[in-house]
Amino acid sequence: LSGLNSDSYCEISQYRDQHFRLQEKSLKISSTLYVGNLSFYTTEEQIQELFSKCGDVKRIVMGLDKIKKTPCGFCFVEYYTRADAEHAMRFINGTRLDDRIIRTDWDAGFKEGRQYGRGKTGGQ
């Protein structure tokens, strides 16, 4: 249980790409989470129910197949405060939703167009 109080759950991901340096500052103050490994059948309502346990959710943006406009296994959850987003990182990352172990990561903030998955298998 001591691990649940650790700030390691709120650290920025170790993943780095060519745009990371530009985003690092935004990630440290962001109240938006990327949520991955969702079932294609998970609804926005289910996500709202789970993530609202950690604070007031400002909006949820479901990841969609670019052509079919159907869910493709990820979403963005934006909170009103960074503190609420940190709670979600601590307590929701690695939990099970729709028989899938979901993962959360910090996101620099949703921008239009990012809701569309890449490729045929979905995901971002």
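For the reader, a short list of remarks on this structure follows.
- If only residues of region 59-114 that are in a strand (DSSP E or B), touching a residue at least 60 places away in the same chain (Cβ under 8 Å) and in contact with a helix residue (DSSP H, G or I) (Cβ under 6 Å, 6 or more places away or on another chain) are counted, the one that is nearest to Leu22 (Cα to Cα) is Trp106.
Residues are listed down the side, and each one gets a yes or a no for (1) modelled with pLDDT of 95 or more; (2) on the phi < 0 side of the Ramachandran plot; (3) surrounded by fewer than 18 Cβ atoms within 10 Å (Cβ to Cβ):
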site: Lys66; (1), (2), (3): no, yes, yes
site: Thr70; (1), (2), (3): no, yes, yes
site: Tyr79; (1), (2), (3): yes, yes, no
site: Ala85; (1), (2), (3): yes, yes, no
site: Met89; (1), (2), (3): yes, yes, no
site: Gly94; (1), (2), (3): yes, no, yes
site: Leu97; (1), (2), (3): yes, yes, no
site: Ala108; (1), (2), (3): no, yes, no
site: Arg114; (1), (2), (3): no, yes, yes
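- Any chance Gln14 is at pLDDT below 95, farther than 19 Å from Ile101 by Cα and more than 16 Å from the chain's Cα centre (by Cα): no
- Restricting region 26-41 to residues that are under 14 Å from the mean Cα position of the chain (by Cα) and either part of a helix (DSSP H, G or I) or of a type in the set (Ser, Thr, Tyr) (or both), the residue that is surrounded by the fewest Cβ atoms within 10 Å (Cβ to Cβ): Ser39
- Filtering region 17-58 to residues that are out of contact with any Cys (no Cβ under 9 Å at 6 or more places or on another chain), without any contact (Cβ under 8 Å) to a residue 60 or more places away in the chain and among the β-branched types (Val, Ile, Thr) leaves Ile29, Thr43, Val57.
- Test: Lys58 is more than 11 Å from the chain's Cα centre (by Cα), over 18 Å from Arg96 (Cβ atoms) and surrounded by fewer than 13 Cβ atoms within 10 Å (Cβ to Cβ): no
The values are calculated or read from the model by the stated rules, or taken from the named source; none is laboratory data. Just so we're clear, the structure is a prediction, and the values are computed from it rather than from any experiment. When we count neighbours, we look across all protein chains shown, and the Cβ atoms used for this are built from the backbone with ideal geometry, even at glycine.
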